[in-house]
Amino acid sequence: MSDFFKNPLSNPDNTARKQALMEQVRNELAQANAQQLMNNMNERCFKACVTKPGDSLSSSEQTCLTRCMDRYMEAFNIVSRTYVSRLAKERSESDSAPFS
Amino acid sequence: MAENIPKFDEATQKELAVFLEKEQTQAKIHSSVHNFTTMCWDKCITSTPSTRFSRSEESCLVSCVDRFLDTSIFLVKQIQERRGSQ
């Protein structure tokens, strides 16, 4: 509140700048995250589905890739859930014995 | 160009620091999840991907993450014990 009186002109402007900055950080992190997922998935699914590269992707390879993509994302979610719940568990126990 | 942009006031700077620290923690967790996913996928998913995970594949993924973390805690304890006995 008192800041507002000290700096009546720049404050509303600062709020918008601050929010834009936060938004940019969030977007860039989300993009990096998606890119990492795509790269890892591409590697795994290529390895799993395209065992003998031919002139083009066969329809069975394409079916495999579609399934692999769904499974990879499912695996990511399972791992994420497991890790986050483990972190929460360790944190609740770590009031006596620190983790990490 | 950078000189034309006014500095944030102190309260905003503090708020941004807290925000960045939170995002950084989140990003670290995400990066671990990426690592675990590739590592555990390679260990657990050995057959051609089908329309759903088998029960054993799914439980393997869960155990893989938990055992990896157990391993990390175990090794830290071993090192500490060894240091203590020296």
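Within the stretch B:43-62, the set of residues being assigned to a helix (DSSP H, G or I) and more than 7 Å from chain A (Cβ to nearest Cβ) comprises B:Lys43, B:Cys44, B:Arg55, B:Ser56, B:Glu57, B:Ser59, B:Cys60.
Scanning the stretch B:12-29 for residues that are surrounded by fewer than 12 Cβ atoms within 10 Å (Cβ to Cβ) and either hydroxyl-bearing (Ser, Thr, Tyr) or facing chain A (nearest Cβ under 7 Å) (or both) returns a single hit, B:Thr25.
A quick yes/no check of all residues on (1) out of contact with any Ser or Thr (no Cβ under 8 Å at 6 or more places or on another chain); (2) among the aromatic types (Phe, Trp, Tyr):
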| position | (1), (2) |
| --- | --- |
| B:His34 | yes, no |
| B:Asp42 | yes, no |
| B:Thr46 | yes, no |
| B:Ser50 | yes, no |
| B:Phe53 | yes, yes |
| B:Leu61 | no, no |
| B:Thr71 | yes, no |
| B:Leu75 | yes, no |
| B:Gln78 | yes, no |
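Each value in this text was obtained by applying a stated rule to the coordinates, not by laboratory testing. Because the structure is predicted, anything quoted here is derived from the model rather than measured. Reconstructed Cβ throughout: ideal geometry from the backbone, glycine too, with neighbour counts over all protein chains shown.
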